[in-house]
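J.: Here's a structure for you.
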Amino acid sequence: MNNVWQRVTAGLRWVGRMLPIAAMATTPAFAADESPWSVAITPYVWVAGISGTVTGPIPNAPPLEASADFGDVLTKLNKIPVMLAGEVRYGAFGITADLMAISVKSSVKTDGRLYSGGNVKVGQIIGSALGTYRAVETDTHMLDVGIGFRAFSLSTDFTIDGALFPSLSFEPDMNWVNAIVGARYRYRFTPEWSLSLYGDVGGGSDDDLTWQAFGTVDYQVSQSTTLRAGYRHLSFRHDERILRQDIDLSGPIVGATMRF
């Protein structure tokens with residue numbers, strides 16, 4: 001009986017030693033130089049034209065139509081813009097973020113009878129973040145879906161030149177956050193060339209709406225660096241007691257993604 005028990009005990013010890021080896025054999029393993037973690041940083045330049053209307057709190061003041069073609073934006077900048085995107089991934093899960101800070105000055109149009117024109121300085125900080133899940137990944141196709149938010153911080157300085165009515169000026173500031181849902185798709189033509197598409201939509205109150213769409217053609221220079229060029233459109237509408245705005249930003253975008 002003791003011999004039988006010793007044999008059983010020895011067998012259990014052998015099984016215990018073999019279990020970790022079996023688990024390693026049946027579990028996908030990363031190579032020595034691979035990791036489920038990845039980090040990507042994308043500095044970019046978005047030369048966005050501006051169009052839209054802004055309504056302020058001053059009685060009898062007309063809605064202001066602010067516009068600047070993207071070819072003129074560089075000459076209208078008040079400060080050096082900051083534009084940066086990033087992504088942190090662990091396997092199929094990720095967090096993407098985007099930050100843009102820009103300040104421009106533009107003329108505004110009025111009806112010419114009550115007011116003779118004016119100008120507007122707009123400082124805009126737009127930041128977004130999404131938690132994402134990679135729903136599809138093959139050698140040629142990739143699809144991420146996500147949910148998150150877009151935050152806005154707006155500072156303005158309006159001056160309206162008088163005609164029949166006296167000149168006006170006001171400096172309203174606003175901050176708000178919209179929930180968004182988004183998706184990103186990539187199609188790889190060759191090992192070096194690919195197409196990336198992104199879109200999101202969201203809002204807050206009944207009068208809040210924001211959506212974005214852009215596409216880029218990408219060229220992978222090396223395993224860690226990809227160059228991108230394309231076109232981007234961002235729209236937002238927000239209404240508060242002090243200010244209502246309905247703004248569109250559109251223009252070409254170029255950038256470089258560096259992976260770590």
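J.: Filter region 198-233 for residues that are at pLDDT 95 or above and among the aliphatic types (A, V, I, L, M) and give the result.
T.: Of everything in region 198-233, those that are at pLDDT 95 or above and among the aliphatic types (A, V, I, L, M) turn out to be 201, 213, 217, 221, 227, 229.
J.: Of everything in region 222-255, what is among the hydrophobic types (A, V, I, L, M, F, W, C), touching an Asp or Glu at 6+ places or on another chain (Cβ under 8 Å) and farther than 20 Å from residue 83 by Cα? Give them in sequence order.
T.: none
Results for (1) within 25 Å of residue 42 (Cα to Cα); (2) touching a Lys or Arg at 6+ places or on another chain (Cβ under 8 Å); (3) among the acidic types (Asp, Glu); (4) part of a strand (DSSP E or B), shown as yes or no for each residue.
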{"position": "231", "(1), (2), (3), (4)": "yes, no, no, yes"}
{"position": "234", "(1), (2), (3), (4)": "yes, no, no, yes"}
{"position": "238", "(1), (2), (3), (4)": "no, yes, no, yes"}
{"position": "255", "(1), (2), (3), (4)": "yes, yes, no, yes"}
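Table: residues versus (1) more than 30 Å from residue 34 (Cα to Cα); (2) more than 18 Å from the chain's Cα centre (by Cα).
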residue	(1), (2)
209	yes, no
212	yes, no
218	no, no
222	no, yes
228	no, no
233	yes, no
237	yes, no
247	yes, no
256	no, no
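J.: Another question, then. Please verify whether region 123-135 includes one or more residues that are out of contact with any His (no Cβ under 9 Å at 6 or more places or on another chain), at pLDDT 70 or above and over 27 Å from residue 209 (Cβ atoms).
T.: Looking through region 123-135, at least one residue is out of contact with any His (no Cβ under 9 Å at 6 or more places or on another chain), at pLDDT 70 or above and over 27 Å from residue 209 (Cβ atoms).
J.: Could you list, in sequence order, all residues of region 45-60 that are modelled with pLDDT under 65 and surrounded by fewer than 20 Cβ atoms within 10 Å (Cβ to Cβ)?
T.: 57, 58, 59, 60
J.: Find all pairs meeting these conditions: Cβ atoms under 6 angstrom apart; at least six residues apart or on different chains; first residue within region 235-260 and at pLDDT below 90; second residue acidic (Asp, Glu).
T.: Qualifying pairs under 6 Å: 237/246; 238/208; 239/207.
The values are calculated or read from the model by the stated rules, or taken from the named source; none is laboratory data. The structure displayed is predicted, hence computed values, not measured ones. All Cβ positions, even for glycine, are placed from backbone atoms using ideal geometry, and neighbour counts span all protein chains on display.
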